[in-house]
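Here is the structure we will look at.
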Ligand SMILES: [Zn+2]
């Protein structure tokens, strides 16, 4: 058993990179320690004020780890969970039909191709939409309703989206992670 020491250790999470230094997931620090002990990862960064100590040793809590080995992990890309708030983040809180910005409570999700006509509930068929446009569109496609879709909906890329998700959830992204994201937070 290890005892813990340091500030808000419970909130310490580790960013996991694949062997190409691309962020692929976020794990609890305990998981990162197991990966470290199992020699599955190299530790690139540690939290400077958080330590875990066993009877004989102290360990700095890993902040960024990189998976060892190529190949298998290469294509393992973090998938961003499809849900309402993540769609809003992807669309920058802009109604995709009237192109105006709205607070989350005034936005809803809209199926570009209506669900009753076979439209899927997926990243590529669901967009952020204000309630007014949603009502006006009804069960039509954007073309039929005379709407100009702001951009074609796609599955968001993690490098672009992950920092935004942190901001959205009012979580602070650990400064030590920032250099590993392509976009500037
Ligand atoms: Zn609108």
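A compact table of results
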item: Qualifying positions in region 92-106 - under 20 Å from residue 146 (Cα atoms) and either modelled with pLDDT under 95 or within 9 Å of the ligand (Cβ to nearest atom) (or both); result: 94, 95, 96, 97, 98, 99, 100
item: Leading residue by the ranking (modelled with the highest pLDDT) among those in region 132-159 that are surrounded by fewer than 14 Cβ atoms within 10 Å (Cβ to Cβ) and under 20 Å from residue 85 (Cβ atoms); result: 151
item: Number of the exception - residue 71 against (1) at pLDDT 85 or above; (2) out of contact with any strand residue (DSSP E or B) (no Cβ under 6 Å at 6 or more places or on another chain); result: (1)
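The values are calculated or read from the model by the stated rules, or taken from the named source; none is laboratory data. Note that the structure is a prediction, hence the values are computed from the model and not measured. Note that we place each Cβ from the backbone using ideal geometry, even for glycine, and neighbour counts take in every protein chain shown.
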